[in-house]
1. Most exposed first by the Cβ proxy, i.e. fewest other Cβ within 10 Å, how do 57, 94 rank?
2. Compute the Rg/Rh shape ratio of the range 94-136: radius of gyration over Kirkwood radius, all on alpha-carbon atoms.
3. Can you pull the Kirkwood radius for the range 59-209, inverse mean 1/r over Cα pairs, to one decimal in Å?
4. List the relative contact order of the chain as a percent without decimals, with contacts defined as Cα pairs under 8 Å and 6+ residues apart.
5. If every alpha-carbon in the range 313-367 counts as one equal scatterer, what log10 I(q)/I(0) does Debye give at q = 0.14, 0.18, 0.20, 0.23 1/Å?
6. How many nm separate the modelled label positions at residue 48 and residue 362, each set 7 Å beyond the Cα in the direction of the Cβ?
7. Looking at the range 331-425, I'd like the Rg to Rh ratio, where Rg is from alpha-carbon atoms and Rh is Kirkwood's inverse mean 1/r.
8. Along each of the three principal axes of the Cα atoms of the chain, give the extent in whole Å, ordering the values from largest to smallest.
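Derivation of every value follows stated rules applied to the coordinates shown; laboratory data play no part. As the structure is a computational prediction, the values presented were derived from the model and not from experiment. All Cβ positions, even for glycine, are placed from backbone atoms using ideal geometry, and neighbour counts span all protein chains on display.
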């Protein structure tokens, strides 16, 4: 007999997904249950409710040969109060002659009501057996074998905080999947009603700090959690250390250091509780999706007005923010040059027709006359060249005159390219020697800026 008991105990320790957890004791009382929620009886099994008033619980299920029938459903109630409370509901099975219920465990924790979906060992005797005789049965003991998912139906609101970002608020009910790996209890929490939608994974050292119902208490989980992963609806996620402040009806969880991963492939590694610029962290190293990385403030080289910084801070990731900052800087510089050029145009226009402008027109007319006579260009093309000013802002200068000559030169190239080359060489020397020296400094500056645009 002793050998059999030891074999059963050894087997149970091996198949349990968790370390041995304190048995849950149910208080005294009396209850009944509705048969409609149970499976239909199998074979000769009959639906019965067995009361254990001195031990404070009842069992309702299909009984055959003095025990719950395998494959049927059974329910266990706490009857220690005037209102019976369902504590376990599920399908009956047996492992090494031990009663196993695969279903839902209902319990009240410090944080609120919890529904645990999993597999549970049930006994009411010291040798881990079930005795269905009222006078011989002991206290009901429910031990976890495997937890699949548990639901927290009510409890504290949770606030997840990353510096300089709007907090993520979540409230019950919440669905939690529990697993165990590498010496840690891993809680995957689905916040379907959070704003914005968020999923988080909480890591707690599996050193028996949490035992019994504390494993399912939101407050106890956060009290012992120092590392988490927060996954956001847009594909971003943070993983690192957190600090939790727990009050009666709220849990405030604040990220301190770790890795912020962005959906596009960017990431930040460092302190997420200190320096930021807009929504972006800078107390560490930022890695961009193009393979580059920058330590510290990667936006420090950009000088932008406040309204443009606001657009930068609206970007979803560092790469997009940096690309926008570069584009805005280029646009601003171009606009700055255009504004300076427009101001020069107005100043030159205010001078009226200068000596330089008169000399340029006379030089152009001589140039066109030679092309007409020596390169056989039509008179209509010559007249068109004169009519097309090609002048930006109605200012005559070397660039506008040269632009107006382009159609004539193209036509002359088809007829007499050699003669055209001689004319261009001679007329170029003339303009540089006799015309350009007449230009005022402001006129030369205008041409310089016009070439740069």
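1. So the ranking, lowest neighbour count to highest, is 94, 57.
2. Taking Rh as the inverse mean 1/r over Cα pairs, Rg/Rh reads 1.08.
3. Evaluated over the range 59-209, this radius sits at 17.6 Å.
4. Here the relative contact order equals 8 percent.
5. -0.61, -0.74, -0.81, -0.88
6. Going by the 7 Å Cα→Cβ label model, 13.0 nm.
7. Taking Rg over the Kirkwood Rh, I get 1.09.
8. Extents along the principal axes: 131, 45, 40 Å.
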